[in-house]
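This report concerns only the one structure given below.
No lab work stands behind these numbers, since they all come straight from the coordinates. Because the structure is predicted, anything quoted here is derived from the model rather than measured. Using ideal geometry, Cβ is built from the backbone for each residue, glycine included, and neighbour counts are taken over all protein chains shown.
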Amino acid sequence: MSAAVVDLRSDTLTRPTPGMLEAIAAAEVGDDVYGEDPEVNALESEVAALFGHEAALFCPTGSMANVLGVRAVVPAGQEVLCDSMAHIVRAELGSHAVVGQVTTRTWQAARGAFEADVALAMAVPDAGPYFVSTAAIAIEDTHNFGGGTVQSVDELRRLRAGAQALGLSVHLDGARLWNAHVVTGVSFQEYGSFADTISVCLSKGLGAPVGSVLVSSAERIAEARIWRKRLGGGMRQAGILAAAGRYALKHHIERLAEDHAHAHAIATALAGVDSSIIEPELVQTNIVATTWPSATAAQAFIAGCTAEGIRVGAVGSRVVRLVTHLDIDEAAAGRAADVLPGIAKQALTA
Ligand SMILES: Cc1ncc(COP(=O)(O)O)c(C=O)c1O
């Protein structure tokens, strides 16, 4: 390998920037299980205010924030509806069932694009003694396995109105809501109005090393705090992590547009080989989900990338994901866009 490795497996791979390290070093900390960590308390009130909700809870991971968020709105034995590629149902290892005692029913959605009517039509809010009652609908924005899809804001509005009419709650897995905001320009206050519980992640595009925040009413967050501790998520002097998150919120949201441009450039280069691998106009944010004609071709592409010092990740037998982030600068994205078409041509002959 001649040049530095370009790691496009995930936007969770970033390392703290010098400015973020300074913020971490300067963090004033206390024991957060006692509610005495000033950085954590500040982060929680800032994120709650950002979304126009009463309270927030700093969590170690997005998965925990989702589990606490869903269980806050779905009683044991009832169901949450979501799409079949949602992170909560595909990649949280059954925790909503194991921990939350919640069942799930799913709808199919091309690229994870949300349609309110499809979700609302499945809901059975008060199913009586024979069927499972629906308590909530969960949406993901942007949609990870859908390829970074930004949800239609009109559909989110329609969901909110429809869910309210049926007495259902809405959980928003907003791990990459920051990316959606940069594309749509919709304010976080407005996004906040679409859901009862929202999880947002600081350790993906925003580049903090660890942490997610669950946002909701004061009552739900008070209970989620008990459950966080119950699950072993009470983090003591977590202010060093919260400080990184607060820094990221101040400095790393608007720059996500660069990640989106880099992803688009990579997608355009690959589409130049064969547009069935990826359609660049579908790449709205920082995720390029390429689809290969066979598992063999997908594996050949991954191997070819590795040989060239470019790391990419399989997220299905024929789907390979490339994700841009804070540690992929113009030069790294340019190198990927230069080298990937040759690798793709080879892979398609495999
Ligand atoms: C959409 C979405 N939600 C939740 C998560 C979970 O985050 P964590 O890895 O911090 O548990 C991820 C992680 O990739 C994600 O993509």
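Considering only the chain, what is the antiparallel percent among its DSSP beta bridges, to the nearest 5? That works out to approximately 45 percent antiparallel. Backbone N atoms of region 190-226 closer than 11 Å to the 7 Å Cα→Cβ label point of Gln164 belong to residues 193-195.
When peptides 51-58, 306-313 are sorted by average Cβ neighbour count within 10 Å, with the highest value leading, the order is 51-58, 306-313. In a fully extended conformation the segment linking Ser152 and Lys345 would gain 66.1 nm over its present Cα-Cα distance, using 0.36 nm per residue. Stretched out straight at 0.36 nm per residue, the stretch from Glu330 to Ala4 would grow longer than its current Cα-Cα span by 116.0 nm.
Note on region 1-127: Rg/Rh from C-alpha atoms, Kirkwood Rh, equals 1.06. For Lys204, go through the lysines and keep the ones whose alpha-carbon is under 21 Å away, minus same-chain ones fewer than eight residues off. List returned: Lys250. Between Gly313 and Arg321, the built amide H atoms are under 5 Å apart, and every one of these is 5 or more places off in sequence or on another chain. What the phi angles of region 122-130 give under the Karplus curve with 6.51, -1.76 and 1.60, with θ = phi - 60°, is a coupling list of 7, 6, 10, x, 10, 7, x, x, 10 Hz, glycine and proline written as x.
If you bin all the Cα-Cα distances of region 66-180 at 5 Å, starting from zero, the percentages per bin are 2, 13, 24, 25, 21, 10, 2, 1, 0. Sorted on the mean count of surrounding Cβ atoms within 10 Å across their residues, most packed first, peptides 86-96, 188-198 read 188-198, 86-96.
Geometric descriptor of region 252-350, per residue, is 82 Å³ (volume of the convex hull of the Cα atoms). A simple spin-label model places pseudo-atoms 7 Å from Cα toward Cβ; at Glu54 and Glu190 they are separated by 2.6 nm. When the label point is put 7 Å from the Cα of Phe131 along its Cα-to-beta-carbon vector, which residues of region 95-110 have a backbone N closer than 14 Å? Label zone hits: 105-106. Of interest is the spacing of the C-alpha centroids, which for region 1-80 and region 245-273 amounts to 20 Å. As a rough guide to protection, the peptides 209-220, 32-43, 64-75 ranked by mean Cβ packing within 10 Å, highest first, stand as 64-75, 209-220, 32-43. Taking amide H atoms as placed 1.01 Å from N in the peptide plane, the amide H of Ser212 lies under 5 Å from those of Cys59, Thr61, Leu202, each 5 or more residues away in sequence or on another chain. Over all pairs of different C-alpha atoms, the chain has a mean inverse distance whose reciprocal, the Kirkwood radius, equals 20.7 Å. By the Stokes-Einstein formula, at 1.002 mPa s and 20 °C, region 175-240 with its Kirkwood radius over alpha-carbon pairs has D equal to 160 µm²/s. Compactness ratio of region 206-306: Cα Rg over 2.2 N^0.38 Å, N = residue count? Against the empirical 2.2 N^0.38 Å value, I get 1.57 for region 206-306.
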